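Right, one structure below, let's go through it.
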Amino acid sequence: MIFIDILVLIYALILGSFFNVVAIRLLNKESLVFPPSHCIHCRHRLHVLDLIPVLSYLFLNGKCRYCKAPISPLYPFGELLTAVSIFFVYKSIGLSLELIPVLLLTVLLIISVLTDIRKQVILDAVTLPMLGVLTIIRLFIGNESFWYYLIGGIVGFLLLFLIAIVSKGGMGGGDIKLYAAIGIVLGPGLTVMSLVLASFVGAIAGLFLMMIGKLKRGQPIAFGPFIMIGTLFSYVYGREIWDWYMDIFL
Ligand SMILES: [Zn+2]
């Protein structure tokens, strides 16, 4: 089993470097296929050895091999984020049909985090097709009825829509559609929990960043990473979190 675990990790790292490219090229409205991977500073085409997830960044000391321009740490971050989240989902769910919608949602969350951190947007070009695919998958795969998941999608959409109205733009349109996709996979209860967790972790992280002087009061902070944490944790640990909450507060 350890062999398969290692294989999953390696495959996820490679997927992660692909998601980096997807995020950057979609943000820049470039083709996903052409040109081949190149340094964004000197345009030099990258060697296979420059493309090994995380390791290339470490060995090259975070600089381009050809022009020595710094490489964004967001590259290894995206690779590690993908490896950790896909491995976490795979280990938590195991090999079952349910792994399909949850893995696809995880991919959507990863790309959303990468675009949100870079340019504070969550792209419709990724979210809407994925929302369609997930809705179709939920017709066939799930422990609950399709309607349960559909209501989840509507709850996710409406919750974020209301927050967007109340906060007057504090929540973007991208977040609203992303939460529709989350709801389709999680169902209504866990979707609400996901948002509560995301807000809680986001508030703590915001306070921490303000304390160490990395964030000013009123400065916007990308919510995508917290949506991802809230969603994966409520999916995997939702029941435990709920029982724990009930024990303490009721
Ligand atoms: Zn270069």
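Anything in the stretch 113-151 that is in contact with a Lys or Arg (Cβ under 8 Å, 6 or more places away or on another chain) and touching a residue at least 60 places away in the same chain (Cβ under 8 Å)? List them, or say none.
At the first step, the residues of the stretch 113-151 found to be in contact with a Lys or Arg (Cβ under 8 Å, 6 or more places away or on another chain) are 122, 124, 127-128, 131, 146, 149-150.
Hit for the stretch 113-151 is ILE122, nothing else.
Scan the stretch 89-126 residue by residue and report those that are of a type outside the set (A, V, I, L, M, F, W, C), open to solvent by 40 Å² or more (accessible area, probe 1.4 Å) and more than 27 Å from ILE4 (Cα to Cα). Selection gives ARG118, LYS119, GLN120, ASP124.
Among the listed residues LEU99, LEU105, which satisfies the condition of being closer than 27 Å to LEU128 by Cβ and free of Cβ contacts under 8 Å to residues at least 40 places away in the same chain?
On the way: LEU105 fails: free of Cβ contacts under 8 Å to residues at least 40 places away in the same chain.
None of the others qualify; the one that does is LEU99.
Only one of the numbered conditions (1) in contact with a helix residue (DSSP H, G or I) (Cβ under 9 Å, 6 or more places away or on another chain); (2) within 12 Å of the ligand (Cβ to nearest atom); (3) open to solvent by 90 Å² or more (accessible area, probe 1.4 Å) is not met by LEU60, and that is (3).
Test LEU80 against the criterion of being touching a Gly at 6+ places or on another chain (Cβ under 9 Å), open to solvent by 80 Å² or more (accessible area, probe 1.4 Å) and part of a loop (DSSP other than H, G, I, E, B), and give yes or no. Outline the logic, then answer.
Values: touching a Gly at 6+ places or on another chain (Cβ under 9 Å): yes; open to solvent by 80 Å² or more (accessible area, probe 1.4 Å): yes; part of a loop (DSSP other than H, G, I, E, B): no.
Criteria not met by LEU80.
One line per residue, one yes/no per condition, for (1) open to solvent by 90 Å² or more (accessible area, probe 1.4 Å); (2) hydroxyl-bearing (Ser, Thr, Tyr); (3) in contact (Cβ under 8 Å) with a residue 60 or more places away in the chain:
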site	(1), (2), (3)
LYS177	no, no, no
SER194	no, yes, no
GLY218	no, no, no
ILE221	no, no, no
GLY238	no, no, no
TYR245	yes, yes, no
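Cβ-Cβ distances below 7 Å connect the following pairs, each with a first residue in the stretch 27-50 that is not assigned by TED's automatic domain parsing to the domain that holds VAL126, a second residue that is among the aromatic types (Phe, Trp, Tyr) and open to solvent by 60 Å² or more (accessible area, probe 1.4 Å), and a separation of six or more residues or different chains: CYS39/TYR66; CYS42/TYR66; HIS44/TYR66.
The values are calculated or read from the model by the stated rules, or taken from the named source; none is laboratory data. Just so it is clear, the structure is predicted and the values come from calculations on it, not from any experiment. Glycine gets a Cβ as well: all are built from the backbone with ideal geometry, and neighbour counts include every protein chain shown. In case anyone asks, the SASA skips ligands and DNA or RNA and just uses the protein heavy atoms, side chains included. Shrake-Rupley method; radii C 1.70, N 1.55, O 1.52, S 1.80 Å.
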